[in-house]
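Below: the structure, in structure tokens.
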Amino acid sequence: MKVAVIGTGYVGLVTGTLLAEIGHQVTCMDIDEMKIEQLRSGIPTIYEPGLEQLLKKNLEKQRLSFTTDHATAFEDVELIFIAVGTPQGENGQANLSYIQQAARDIAQTIDHNVTVVIKSTVTPGTNDYVEKEIREHLAHSITVHVVSNPEFLREGHAIEDAFHGDRIVIGSEQEEAGNLVEDLYTPLQMPIVRTDRRSAEMIKYAANAFLAVKISYMNEIANLCDKVGADVTAVADGMGMDKRIGRDFLNAGIGYGGSCFPKDTEAIAHLANDQAIQLSIVESAIRTNKAQRHKFVDKVFRFFKGNITNKKIAVLGLAFKPNTDDMREAPSVTIISELQKHGAIVRAYDPIVTNECSSVTLQDCVENADAILLVTEWQDFLAADWAIIGTQVKEKNIFDGRNALPMDMLKQLGWTYIGVGRERKQSRGFQENREDQQ
Ligand SMILES: NC(=O)c1ccc[n+]([C@@H]2O[C@H](COP(=O)([O-])OP(=O)(O)OC[C@H]3O[C@@H](n4cnc5c(N)ncnc54)[C@H](O)[C@@H]3O)[C@@H](O)[C@H]2O)c1
């Protein structure tokens, strides 16, 4: 099929490349000329494992092209995907202005019947709104249907998820329009969920909010583990073996960041408020998540007896999670700025991202440090030679914000290890508390 994709960010670029790879003729369109120029030369504008190879291959096979021009992008297409951003707007609600602009651009350019597919994460009712908006502004007398097809890819695993995701959700009000989208994905042989548009929109928000709740729940359990002397990683393993719970998303740490969970939880809570419904569990998850990164910095403070002035702190990881260059809502930003505000000398290192306090190498970053903070669990850090790093730092203190480092090995190597929910030494269990009270 001939397809256009509007927006070449994390979702649009991966979607366009995937559709080309499975044999469709795809034109990706973006308003950002520099992005389009770079993509034309086969260099991805984002870091995503496996993307560059697929991008180059499909450019060479002439199944994939890039443009800033709507008319070129929409020529003879059967389907137009909208994959523009829906960032957090005022009071937490989703900012749908880019979606509205894309709808207007389609209406004013398209001269033949077409199905528009909304991939961006949009609040329930937006697909209805976009269909109405396009139909009202059409420059030609044609038929346009809108289908909801929310995206579930995880940054850092986007290519794998695009080919082997858990499901494809298709929400439509006209069966043939939904069928067309289903046909497009046939080569992927992934489970398909067919539903109405508002339910499809809701699936995306409900799923993201649920995962955010799971993370925040486990972070609260971790905070309690610190107090009672349990190890949250053992607790998570034990819980996760229960199939009703599952082990995924039970890793405690400094909380979620990125371009999806923070804004999507805010948006669904805001949407509920508008409908006079309170999503109190989601609201709590948001509050817990915001507090968690500060609690991590508090641990560093307490360790240095409330004074971190001139302490050299090495921060490992800047991206909001491993295998991506995405810094949107990254916990590292809050953590570094709090440390600096209290006088610490911060150096950071990330295998992909740089910032104003970045070191060029891991060794430069840790050299002479009073403490190391693991903020993003890149494999480079997990597999690093901690015996050698131990000879480079000033003090062997490590704060593991992701509970991802080999704790026992680090302790054997003489490191003071502080995780999240793993303070077994300072444990204060039921018995000790009872003894205190007596
Ligand atoms: N990033 C993720 O992991 C992820 C996962 C699932 C869903 N989503 C959702 O997908 C959507 C896109 O997210 P993203 O991370 O790819 O965003 P992004 O910011 O990386 O990319 C958006 C792109 O759209 C372009 N754009 C904006 N207005 C345009 C217009 N009128 N015409 C053409 N191009 C335009 C921008 O220049 C940019 O390149 C969001 O709704 C997001 O919530 C994202």
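Taking each residue as 0.36 nm, the span from K394 to K290 lengthens on full extension beyond its C-alpha to C-alpha distance by 34.3 nm. Which one, Q340, G16, L138, projects farthest toward the positive side of the charge dipole computed for the chain from Cβ point charges (K/R +1, D/E -1)? So the residue furthest toward the plus end is Q340.
Using the Cβ-Cβ distance between D274 and S199 with R0 = 22 Å, the FRET efficiency computed as 1/(1 + (r/R0)^6) comes to roughly 0.75. The H on the amide N of A94, modeled in the peptide plane, is under 5 Å from the matching H of G89, each at least 5 residues off or on a different chain.
Nearest 10 degrees, 0 to 90: what angle lies between the long axis of helix 197-228 and the longest principal axis of the chain (Cα atoms)? It works out to around 0 degrees. Please list, in chain and number order, the residues 5+ apart from G421 or on another chain whose amide H is under 5 Å from its amide H, with Hs placed from the backbone. Amide H neighbours of G421, under 5 Å, 5+ apart: D226. DSSP finds beta bridges in the chain, and of those with both partners inside it, around 5 percent are antiparallel.
Distance between the modelled labels on A206 and N368, one decimal in nanometres: 5.7 nm (7 Å Cα→Cβ projection). What is the distance in Å between the Cα centres of region 193-247 and region 36-80? First find each Cα centre; the distance between them is then 36 Å. Normalised Debye scattering of the chain at q = 0.06, 0.07, 0.08 Å⁻¹ gives log10 I(q)/I(0) of -0.30, -0.40, -0.52, counting only Cα atoms as equal scatterers and leaving out solvent. Taking a straight Cα-Cα cut-off under 17 Å and skipping sequence neighbours fewer than 8 places away in the same chain, the lysines within cross-link reach of K263 are K119, K204, K214, K290, K321.
Electrostatic tally near N219: other residues with Cβ closer than 12 Å to its Cβ, Lys and Arg +1, Asp and Glu -1, net +4.
Could you give the dipole magnitude of region 1-95 about its Cα centre, charging the beta-carbon of Lys and Arg +1 and that of Asp and Glu -1, in debye to the nearest 20? Display every interim value, and only then the final one.
Details: 7 positive and 13 negative charges, 67 e Å.
That gives region 1-95 a dipole magnitude of about 320 debye.
Rounding to the nearest 10 and keeping the result within 0 to 90°, find how far the Cα-based axis of helix 126-137 lies from the longest principal axis of the chain. Value to nearest ten degrees: 40.
What is the sum of charges around K57, taking Lys and Arg as +1, Asp and Glu as -1, for the other residues whose C-beta is under 12 Å from the C-beta of K57? Display every interim value, and only then the final one.
Working: positive: K56, K61, R63; negative: E21, E52, E60.
In short, 0.
Rounded to the nearest 10 degrees, what's the angle between the helix 97-109 long axis and the longest principal axis of the chain, both from Cα atoms, 0 to 90? Between the helix axis and the principal axis of the chain, the angle is about 20 degrees. Label-to-label distance, K132 versus L188, with points set 7 angstrom from Cα along the beta-carbon direction: 3.0 nm. In the frame of its principal axes, region 129-245 has Cα extents of 69, 31, 25 Å, reported largest first.
Look at where the Cα atoms of region 353-429 and of region 96-172 average out, and the two centres are 44 Å apart. Here the chain is treated with +1 on each Lys and Arg Cβ and -1 on each Asp and Glu Cβ, and its dipole about the Cα centre works out to around 1680 debye.
Each reported figure results from applying straightforward, stated rules to the coordinates on display, with no laboratory input. Since we're looking at a predicted model, the values are computed, not measured. Methodologically, a virtual Cβ is constructed for each residue, glycine included, from the backbone with ideal geometry; neighbour enumeration extends over all protein chains shown.
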